[in-house]
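The values are calculated or read from the model by the stated rules, or taken from the named source; none is laboratory data. If you're wondering where the values come from, they're calculated on a predicted model, not measured in any experiment. Please note: Cβ atoms are built from the backbone with ideal geometry, for glycine as well, and neighbour counts cover all protein chains shown.
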Amino acid sequence: MSGYSGSGYSGGHAGRVMGRSWGWLVLVGIISLIGGVLALANPFAATITVVQITGAFFLVMGILQIIHAFRMRGWGGFLWSLVLGILTLFIGVALFRNPFGGAVSLTIVVAALLLLMGILKCLFAFQMRPLGGWGWGVLSGAVSILLALAIFAYFPVSALTVLGFFLGVELVSSGIWLIMIGMAARKF
């Protein structure tokens, strides 16, 4: 069967699949790299921006959930859907009204997500072997895990700047990895 060998997974199939979209990988990597550099240049602003963007998403999600609840008024879950929409809207408003408190609470969420992303990136990178550049995925995953551990270690004293700084490092790390994988996949 193509893509598999008796000694384990072959990178041929993965390389062909990824080779079709190598340009997108490089483009997303460049965007991630630029975003990371900007976040590193001003980690406090990056932290507040993350809180505001998150607040905006919660506001939009809350409004859409409330609209959805009223559109499905005859449904037995109307009340639950409406309450969920109101709570989501409330979270968005709270993030906008108190971005500093939001930054502290989001720091916990981001640390947990970085830890999960790091583990998943490492697993994904090992699945990509022997495709060139897979080691960058392991390195990127390790960086994500270390960032998560550092956030938890220094919480909450420096949450307002650490979050933006770590976001920048994460974006730079992911950007480099995606560029390297894209360039390697271009050969297929």
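Screening Val28 with (1) of a type in the set (Val, Ile, Thr); (2) within 20 Å of Leu131 (Cβ to Cβ); (3) buried (at least 18 other Cβ atoms within 10 Å of the Cβ) gives one miss only, at (3).
Between Ala46, Ala41, the distinction of being under 22 Å from Val143 (Cβ atoms) and exposed (fewer than 13 other Cβ atoms within 10 Å of the Cβ) belongs to Ala41 only. Among the conditions (1) of a type outside the set (Asp, Glu); (2) buried (at least 16 other Cβ atoms within 10 Å of the Cβ); (3) free of Cβ contacts under 8 Å to residues at least 24 places away in the same chain; (4) not in a helix (DSSP H, G or I), the only one that Leu131 does not satisfy is (3). The residue of the range 147-171 that is surrounded by the most Cβ atoms within 10 Å (Cβ to Cβ), among those that are free of Cβ contacts under 8 Å to residues at least 24 places away in the same chain and in contact with a helix residue (DSSP H, G or I) (Cβ under 8 Å, 6 or more places away or on another chain), is Ala150.
Among the criteria (1) surrounded by fewer than 16 Cβ atoms within 10 Å (Cβ to Cβ); (2) closer than 30 Å to Leu167 by Cβ; (3) modelled with pLDDT under 90, the one Phe90 does not fulfil is (3).
Kindly indicate which of Ala125, Ala184, Ala111, Ala150 is part of a helix (DSSP H, G or I), at pLDDT 90 or above and either of a type in the set (Lys, Arg) or at negative phi (or both). So that I can check it myself, show each step before the final result.
Details: Ala184 fails: at pLDDT 90 or above; Ala111 fails: at pLDDT 90 or above; Ala150 fails: at pLDDT 90 or above.
Criteria check complete, one pass: Ala125.
For the structure I just gave you, tell me whether Ser81 is closer than 27 Å to Val169 by Cβ and either among the hydroxyl-bearing types (Ser, Thr, Tyr) or in contact with a Pro (Cβ under 9 Å, 6 or more places away or on another chain) (or both). Please lay out each step first, then the result.
Working: closer than 27 Å to Val169 by Cβ: no; either among the hydroxyl-bearing types (Ser, Thr, Tyr) or in contact with a Pro (Cβ under 9 Å, 6 or more places away or on another chain) (or both): yes.
The answer is no for Ser81.
Screening Leu131 against (1) in contact with a Leu (Cβ under 9 Å, 6 or more places away or on another chain); (2) within 20 Å of Leu27 (Cα to Cα); (3) not basic (Lys, Arg) leaves a single unmet condition, (1).
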